[in-house]
Amino acid sequence: MNIHEYQARELFAKFHVATQPGSVAFTPDEASQVAAKLGGKIVVKAQIHAGGRGKGTFKNGFKGGVHLCDTPDEAKDLATNMLGQVLVTHQTGPEGKEVGKIFVGQAVDITRELYFAILLDRATSAPVVIASTEGGVDIEAVAEHSPEKILRLAVNPFLGLQPYQTRLIAAKLGLTGKLMTQASKLFTNLYRLFLESDCSMVEVNPLVVTAQGELLALDAKFNFDDNALYRQPAIVAMRDVTEEDPREVAASEYALNYIGLDGNIACLVNGAGLAMATMDIIQYAGGSPANFLDVGGGATKEQVAAAFRIILGDPNVKGILVNIFGGIMDCNIIATGIVEAARETSLAIPLVVRLEGNNVAAGKKTLAESGLSLVTGDDILDAARKIVAAVAAH
Amino acid sequence: MSILVTPETKILIQGITGSFGARHAKLSLDYGTQVVAGVTPGKGGQLFENQVPIFDTVAEAVAATGATVSVVFVPPPFAADAILEGVDSGLDLVVAITEGIPVNDMVKVKHFMKGSKTRLIGPNCPGLVTPGTGENSHGGCRIGIAPGYIHKKGNVGVVSRSGTLTYEAVWQLTTRGYGQSTCVGIGGDPVNGTSHLDVLKMFNDDPETEAIIMIGEIGGTAEEEAAAWAKEYCKKPIAGFIAGATAPPGRRMGHAGAIVSGGKGTAAAKIAAMEDAGIAVSPTPAEMADTLIRHWKGK
């Protein structure tokens, strides 16, 4: 789950992590009011779940999703140009994202840009802090070209981030005097936020020192542990479904694990590992997968039918590959579900089904007697080749 | 021998009265597995399927039945606690099937377990099977949710994160006449109890295991670590497969741990590490057994 920049700032405020003053605005008038309240130089930022906003272009021709201005009236004009418009950045794809809200904040006079992140380290199964003097840039590039500029510090999960560790990090970042005290407090509060909100990553980039000698978390990226969302109602409330792929939103309503891709061969599979492997084998056979879709170990007929509707709602899809290893699940129940779903959706594109496992003979018989023009595959590779060939010929 | 469990191993099931736990407890009993106890707090004194005694606590179940292994079917909010209870009761092995346990809970469990005698497999895993000698491998030890009948007793060890890919590999082996010593699903979560490497070491030391299939997927570096060890120390032929070559970076592919982030955990890097270690990598999931047999028997 992703959240907006303004929501990240709300989380910072809740956990007393120093950040730039400002607020979200949904209309040009609100933008003007927020700017008037803040006073001084103002920054206006489009709120979408994609990076590269500053260098993006709106479809109405307006350049840039991040602007500086001096007066409330200018903030209002900027808001008018952004709100309700579609912003295209290198991360949104050519279709872009509609901007429904903007962040209006106090412009910050930056003297230094640093990097600070807390994330779960899989190798040690513990949180790790990563800090660098090279902020505001791509940290992966820093890690590759100047690894000596990156500090990694393991956190004991029972003790948490200790005060001496926060001072150690501050010292490495060259934060001395009053800045060290501020840094220590900021890192401690950020660790609390990380833990108490069940984050898998909090990345502050940049962490800045202002001309006034303040340390502020200027921009942040959050990842949350999906498994823990059941106990994080405040985080779940921040979900913005308008930012998500509508196919994925529909799938989540049926407890289906779906991720949309760009190809034209849809797949419907049981099990996450097999679902990934099925995407791979479509590509291996010369095709291009349209999605990842795991219907789970105990899929019902209703879920199979919903999966077909979601798959067929994607106009790029030109063929479907069903790959089921029904270990315990009865293959005949799956076959019945597929036949019903194909009929219900008046399926008009090629369908290849590969069934294996429990009661497979009855399942294959159900498919054969359905009168549907579907093809069965003997194994996964055979099935993948058949769907690729069928889509090419269709 | 096999690894971790034998057909004689006595197991208890935490969460035996839930629908999922009950269904698989029954399937394990039907397979001939020694399911000697169930644990559901508040239901102590009852019987499961008129034959398996239910206890309120793991400690009572262990004291009364001598169970050495537990399998956890408890819902996610309570699963970490269930694992800790198994560890505290001095079990040899706890197998956590539960999918969706918060990662922070598992971080604490994992650190709590340091220095304990208990091994954890999972969570979010299909469990493990040591096939038996009966028809359709009946009489074996089935812990978890794998279909028992696809197995066959033999000499190939299988280790995988994913359930259905394990079943694919097992079924390919069985239909080609090659049986398995033990099949272990280690689970798809980013923080788990037992790694590919742990299982490879056990297979390497097990006289009954002659060859190994290791199945991995994108995310983390566990496959690379296992491959680096195998290059130096593994005496047995290994075939491998990695799922997720076409997965987009930054997206979790069903399993909580299956994500390429910051350019780390790609299928290409894992395949390269495996090939460097002399592991025969299957180009598709359809050829896992054939790849192993070619590598092992030269045919």
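Every number here is computed from the coordinates shown, using simple stated rules; none is lab data. Treat the numbers as computed from the prediction; the structure is a model and nothing was measured. Note: ideal-geometry Cβ built from the backbone for every residue, glycine included; neighbour counts use all protein chains shown.
General observations
- Cα long-axis angle, helix A:331-344 against chain A (0 to 90 degrees, to the nearest 10): 80 degrees
- Sorted by Cβ neighbour density within 10 Å, fewest at the top, the residues B:E49, B:E99, B:E217: B:E49, B:E99, B:E217
- Global form of the stretch B:10-121, assessed from the alpha-carbon gyration tensor, a/c cut-off 1.5: prolate
- Peptide B:156-165, shielding by other chains (average Cβ, 10 Å cutoff): 4
- Each part reduced to its alpha carbon centroid, the stretch A:281-318 and the stretch B:192-210 end up 35 Å apart.
- Inter-chain shielding of A:264-273 (mean C-beta neighbours from other protein chains, 10 Å cut-off): 6
- For the stretch B:207-272, the list of trypsin sites (Lys or Arg not before Pro) that fall in a loop by DSSP and count at most 11 other C-beta atoms within 10 angstrom reads B:K235.
- Gain on full stretching of the segment that runs from A:T210 to A:T80 - 0.36 nm per residue minus C-alpha separation: 43.8 nm
- Shielding by partners, peptide A:120-127 (average Cβ within 10 angstrom, other chains): 6
- Modelled spin-label separation between B:T221 and A:A154, with each label point placed 7 Å from Cα along the Cα-to-Cβ direction: 1.3 nm.
- Per-residue ellipticity at 222 nm from helix content only, as computed over chain B with -39500 (n - 2.57) for each DSSP H run of at least four residues, stands at -10000 deg cm²/dmol.
- Put simply, the amide H of B:G240, placed in the peptide plane, has neighbours under 5 Å in B:M214, B:A280, B:V281, B:S282, leaving out anything fewer than 5 places away on its chain.
- Under the criterion of Cα pairs below 8 Å and six or more residues apart, the relative contact order for the stretch B:10-121 equals 23 percent.
- With Cα atoms, 0 to 90° folded angle of helix B:163-175 axis to chain B main axis: 70 degrees
- Loop-exposed GluC sites (Glu not before Pro) per DSSP, neighbour cap 13 Cβ within 10 angstrom, longest uninterrupted part of chain A: A:96-368
- Using equal-weight Cα scatterers in the Debye expression, the normalised intensity of the stretch B:152-297 in log10 at q = 0.22 Å⁻¹ is -1.45.
- Zone of A:T71's modelled label, taken as backbone nitrogen in the stretch A:1-38 under 18 Å from a point 7 Å along Cα→Cβ: A:28-38
- Karplus (6.51, -1.76, 1.60) ³J(HN,Hα), θ = phi - 60°, over the stretch A:373-379, in Hz, Gly and Pro reported as x: 8, 10, 10, 9, x, 7, 9
- Computed from phi, the 3J(HN,Hα) profile of the stretch B:81-98 under the Karplus parametrisation 6.51, -1.76, 1.60 (θ = phi - 60°) reads 4, 5, 5, 4, 5, x, 5, 5, 7, x, 5, 6, 8, 10, 10, 9, 7, 3 Hz, with x in place of Gly and Pro.
- Within the listed set B:N124, B:N136, B:N192, the residue fluctuating most in the Gaussian network model of chain B (springs between alpha-carbon atoms under 10 angstrom) is B:N136.
- Entries in B:K153/B:K201; B:K152/B:K297; A:K76/A:K97; A:K97/A:K149; A:K14/A:K178 that, when Cα-Cα distance is taken, lie over 25 Å: A:K97/A:K149
- The stretch B:94-167: trypsin sites (Lys or Arg not before Pro) in DSSP coil with no more than 10 other Cβ atoms inside 10 Å: B:K114, B:K117
- Between helix A:72-82 and chain A there is an angle of about 20 degrees, using the helix long axis and the longest principal axis of the Cα atoms.
- Loop-located chymotrypsin sites (Phe, Trp or Tyr not before Pro) in the stretch A:115-211 (DSSP state other than H, G, I, E, B) with a sparse environment of at most 15 neighbouring Cβ atoms within 10 Å: A:F158.
- For B:E217, nonlocal amide neighbours, meaning residues 5 or more places apart or on other chains whose placed amide H falls under 5 Å from its own, are B:A243.
- Derived scalar couplings between HN and Hα for the stretch B:243-250 equal 9, x, 4, 9, 6, x, x, x Hz in order, rounded to whole Hz, by the Karplus curve 6.51 cos²θ - 1.76 cosθ + 1.60 (θ = phi - 60°), x for Gly and Pro.
- Toward the positive end of the charge dipole of chain B, with +1 on the Cβ of Lys and Arg and -1 on the Cβ of Asp and Glu, the farthest Cα among B:P285, B:P131, B:N155 is that of B:P285.
- Within the stretch A:110-236, all pairs of alpha-carbon atoms sorted by distance into 10 Å bins from zero give the percentages 13, 45, 34, 9, 0.
- Fluctuation leader among B:S19, B:S282, B:S89 - chain B, Gaussian network, Cα springs under 10 angstrom: B:S19
- Tensor-based shape of the stretch B:26-77 (alpha-carbon gyration tensor, a/c under 1.5 rounded, otherwise prolate or oblate): rounded
- Across the alpha-carbon set of the stretch B:63-149, the Rg to Rh ratio works out to 1.01, Rh being the Kirkwood radius.
- Over the stretch B:98-201, the ratio between the Cα radius of gyration and 2.2 N^0.38 Å evaluates to 1.12.
- Amide H within-cut-off set for A:G56, under 5 Å, with H built and near neighbours excluded: A:G64, A:G65
- Projected area averaged over orientations for the stretch A:1-44, convex hull of C-alpha atoms, nm²: 3.7 nm²
- Cα-based Rg and Dmax for the protein assembly as shown, where Dmax is the largest Cα-Cα distance (Å): 27.0, 83
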